[in-house]
Amino acid sequence: MTIYNLRVYIIGDIPGGTAMERVRFITHRGKRVLLIDHTRSTPEELLQTLAEVERTIAAEPPESLLTLSDFTDTSFDKTAADRMKVVAAKDRPHVRRAALVGAENIPDVYFHNLESFSARHFPKFKTREEALDWLTGDDAETAAS
């Protein structure tokens with residue numbers, strides 16, 4: 001039997017949810033994962049959360065992080081998309097594996113620019129559970145798209 005230490009709540013349901021609440025460490029299968037919860041974010045909220053992401057990841061050792069970014073029902077504009085690709089490029093040295101949920105909400109042109117600019121591949125998953133299983137699995141070579 002596997003027991004998961006995973007608190008899932010919807011930020012929109014928390015009065016005064018902040019960028020710090022959207023960026024937090026969780027444990028899955030005994031491994032530490034940085035959950036970046038962009039769920040239902042506006043472009044302005046996305047920019048605030050990205051600033052917290054940048055601060056949090058920069059404090060971690062190289063090649064140490066597993067990250068899960070959830071973009072479910074998130075809205076984008078060019079400014080937010082441009083900032084996202086810059087943060088992803090800066091964070092690259094610290095991230096061992098990254099996974100996305102809700103990536104269908106990222107317009108194709110922004111997603112391709114994100115991968116191209118950051119020189120990273122971002123596997124897409126339908127659920128957080130699938131993404132977490134992949135991130136914490138021994139074989140992370142194949143990912144759903």
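The values are calculated or read from the model by the stated rules, or taken from the named source; none is laboratory data. The shown structure was predicted, so the numbers you read here are calculated from the model rather than taken from an experiment. Virtual Cβ from ideal backbone geometry, glycine too; neighbours counted across all protein chains shown.
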Original post:
Which of the residues spanning segment 46-63 are part of a helix (DSSP H, G or I) and either closer than 14 Å to ARG97 by Cα or among the basic types (Lys, Arg) (or both)?
Top reply: ARG55, ILE57
Original post:
Any idea which residue in segment 129-145 is modelled with the lowest pLDDT, counting only those that are assigned to a loop (DSSP other than H, G, I, E, B) and more than 23 Å from LYS85 (Cβ to Cβ)?
Top reply: THR142
Subject >> Pick from segment 87-111, criterion of a type in the set (D, E, K, R) and part of a helix (DSSP H, G or I), ranking: surrounded by the fewest Cβ atoms within 10 Å (Cβ to Cβ) >> reply: ASP108
Original post:
Under 6 Å by Cβ, and 6 or more places apart or on different chains, what pairs join a residue from segment 63-76 that is without any contact (Cβ under 8 Å) to a residue 40 or more places away in the chain and among the aliphatic types (A, V, I, L, M) with one that is surrounded by 17 or more Cβ atoms within 10 Å (Cβ to Cβ) and part of a loop (DSSP other than H, G, I, E, B)?
Top reply: none
**OP:** Within segment 117-128, track down each residue that is part of a helix (DSSP H, G or I) and farther than 13 Å from ALA89 by Cβ.
**Re:** ARG128
**OP:** Evaluate segment 64-72: report whether one residue or more is assigned to a loop (DSSP other than H, G, I, E, B), at pLDDT 95 or above and of a type in the set (Phe, Trp, Tyr).
**Re:** yes
Original post:
If you take the residues in segment 13-29 that are at pLDDT below 95 and exposed (fewer than 13 other Cβ atoms within 10 Å of the Cβ), which one is nearest to THR72 (Cα to Cα)?
Top reply: ASP13
Original post:
Considering only residues of segment 65-95 that are more than 13 Å from the chain's Cα centre (by Cα) and of a type in the set (Lys, Arg), which is farthest from ARG32 (Cα to Cα)?
Top reply: LYS78
**OP:** Report yes if LEU114 is outside any helix (DSSP H, G or I), modelled with pLDDT of 95 or more and of a type in the set (A, V, I, L, M, F, W, C), otherwise no.
**Re:** no
**OP:** Keeping to segment 51-71, report how many residues are surrounded by fewer than 22 Cβ atoms within 10 Å (Cβ to Cβ) and under 17 Å from LEU114 (Cα atoms).
**Re:** 2
Subject >> Failed item in (1) in contact with a strand residue (DSSP E or B) (Cβ under 9 Å, 6 or more places away or on another chain); (2) touching a residue at least 12 places away in the same chain (Cβ under 8 Å), with THR42 passing the rest >> reply: (1)
